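Asker: Quick one: the structure is below, and I'll ask about it shortly.
Derivation of every value follows stated rules applied to the coordinates shown; laboratory data play no part. If you're wondering where the values come from, they're calculated on a predicted model, not measured in any experiment. In this analysis, Cβ positions are derived from the backbone assuming ideal geometry, glycine residues included, and neighbour counts consider all displayed protein chains.
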Amino acid sequence: MKIETVKAPITESEKKLLDIISKSADRIATFAHLGQREFTIEDVLDELDCDYYDIKRLIRDSAAEILKEKPDISAVVVSDLDLPCQPDITVTIKEEQEMTADEDIGGLSF
């Protein structure tokens, strides 16, 4: 069974994430031409005035924006607290959309 994915229009958070990825690649390429051969993403992000938490926030916000557009989702709450063992996203599905453990959800079988 082939699963087809329908992509929603790109979110603002995804645009920012793609921009950071592009700038990171450009920066790595520039330094590679200057003789540097090894890079850590942390260092590259730091040079772009960005860090892991900025990236995590963009991924979280992108996922939340996409979830909010799904017709079977009634609520999406994003937490900015960033505490250990605390959810980043809380989702409520529409009651009539609840699925059983035998149904396929987003490419995953339960």
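Asker: Full extension from LYS56 to ILE28: what is 0.36 nm times the residue separation minus their Cα-Cα distance, to one decimal in nm? Don't jump to the answer; show the numbers that get you there.
Answerer: Details: separation 28, 0.36 × 28 = 10.08 nm, distance 2.10 nm.
Answer, rounded to one decimal: 8.0 nm.
Asker: What list of ³J(HN,Hα) values in whole Hz, one per residue of region 12-27 in order, does the Karplus curve 6.51 cos²θ - 1.76 cosθ + 1.60 (θ = phi - 60°) give from phi, with Gly and Pro shown as x?
Answerer: Once θ is set to phi - 60°, the couplings for region 12-27 become 4, 5, 5, 4, 5, 5, 4, 5, 5, 4, 4, 5, 5, 4, 4, 5 Hz.
Asker: Taking H as built 1.01 Å from N, whose amide H comes closer than 5 Å to the amide H of ILE93, not counting residues under 5 places away?
Answerer: SER74
Asker: Between THR40 and THR90, what is 0.36 nm times their sequence separation minus the Cα-Cα distance? Round to one decimal in nm. Present the calculation step by step, with values, prior to reporting the outcome.
Answerer: On the way: separation 50, 0.36 × 50 = 18.00 nm, distance 3.21 nm.
That works out to 14.8 nm of additional length.
Asker: Further question: Using only Cα atoms, what is the ratio of the radius of gyration of region 12-99 to 2.2 N^0.38 Å? Working shown, then result.
Answerer: Numbers: Rg = 17.6 Å, N = 88, 2.2 N^0.38 = 12.1 Å.
Compactness ratio reported: 1.46.
Asker: Something else: Using the per-residue mean of other Cβ atoms lying within 10 Å as a proxy for protection, in what order, highest first, do the peptides 67-77, 53-63, 31-41 fall? Write down the numbers at each step before the final one.
Answerer: Working: 67-77: 13.1, 53-63: 16.2, 31-41: 9.6.
Ranked by mean Cβ neighbours within 10 Å, highest first: 53-63, 67-77, 31-41.
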